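Enquirer: Below: one structure in structure tokens.
The values are calculated or read from the model by the stated rules, or taken from the named source; none is laboratory data. Quick caveat: nothing in here was measured; it's all calculated off a predicted structure. As a convention, Cβ positions derive from the backbone with ideal geometry for all residues, glycine included, and neighbour counts pool all protein chains shown. With ligands, DNA and RNA removed, areas are computed over all heavy atoms of the protein, side chains included. Shrake-Rupley method; radii C 1.70, N 1.55, O 1.52, S 1.80 Å.
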Amino acid sequence: ENNRTSDRTNPVEAETVRNLIHQLQTELPGRSVGVVTFNYPQQQLIQEMLEDAHKTGTVGRAFVKNIENVQGDECDVIIFSI
């Protein structure tokens with residue numbers, strides 16, 4: 001099932017975030033990217049996808065935090081996964 005609302009994750013959106021990070025890092029090299037999610041399960045899913053993509057060299061580093069833990073962090077581009 002593509003839309004896993006029962007575990008509060010959205011794999012389609014997580015994949016879109018991963019692809020957007022790749023695009024931003026290609027088009028704006030050197031800029032820092034962060035992702036803010038509205039729940040912990042989505043944060044974990046996006047982090048796992050980014051770690052896998054980083055291992056293959058398709059995506060660089062980006063921070064992923066849920067809304068409760070992002071205060072005070074700075075970066076050039078913020079993506080909200082709602």
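Enquirer: Label-point separation (nm) for Asn69 and Val12, each offset 7 Å from Cα along Cα-to-Cβ?
Expert: Distance between the two pseudo-spin positions: 2.8 nm.
Enquirer: Give me the extension gain from Leu20 to Thr58: residue separation times 0.36 nm, minus the current Cα-Cα distance, reported in nm with one decimal.
Expert: Taking 0.36 nm per residue and subtracting the Cα distance, the gain is 12.5 nm.
Enquirer: What number comes out for accessible area per residue over the chain if the probe is 1.4 Å? Units Å², please.
Expert: Computed with neighbouring chains in place, this is 65 Å² per residue.
Enquirer: For the range 65-82, in order, what is each residue's ³J(HN,Hα) by Karplus, 6.51 cos²θ - 1.76 cosθ + 1.60 with θ = phi - 60°, in whole Hz (x at glycine and Pro)?
Expert: Going residue by residue, I get 9, 7, 4, 6, 10, 9, 4, x, 7, 10, 6, 6, 10, 10, 10, 9, 9, 9 Hz, with x marking Gly and Pro.
Enquirer: Amide H to amide H, which residues 5 or more places from Val64 or on other chains are under 5 Å from it, using H placed in the peptide plane?
Expert: Val35
Enquirer: Output the 0 to 90 degree angle, nearest 10, between the alpha-carbon long axis of helix 11-27 and the longest principal axis computed from the alpha carbons of the chain.
Expert: 0 degrees
Enquirer: Continuing with the same structure: Roughly to the nearest percent, how much of the accessible area of the chain is carbon and sulfur, given a 1.4 Å probe?
Expert: 47 percent
Enquirer: With a cut-off of at most 16 other beta carbons within 10 Å, and DSSP calling the residue loop, which trypsin sites (Lys or Arg not before Pro) in the range 21-82 qualify? Please list them.
Expert: Loop-located and lightly packed - Arg31, Arg61.
Enquirer: Would you kindly calculate the translational diffusion coefficient of the chain, applying Stokes-Einstein with the Kirkwood radius from alpha carbon pairs, for 37 °C and a viscosity of 0.692 mPa s, and quote it in µm² s⁻¹ without decimals?
Expert: 257 µm²/s
Enquirer: So for the chain, averaging the separation of alpha carbon pairs under 8 Å that are six or more residues apart and normalising by length, what relative contact order in percent results?
Expert: Taking the mean separation of contacting Cα pairs over the length of the chain, I get 38 percent.
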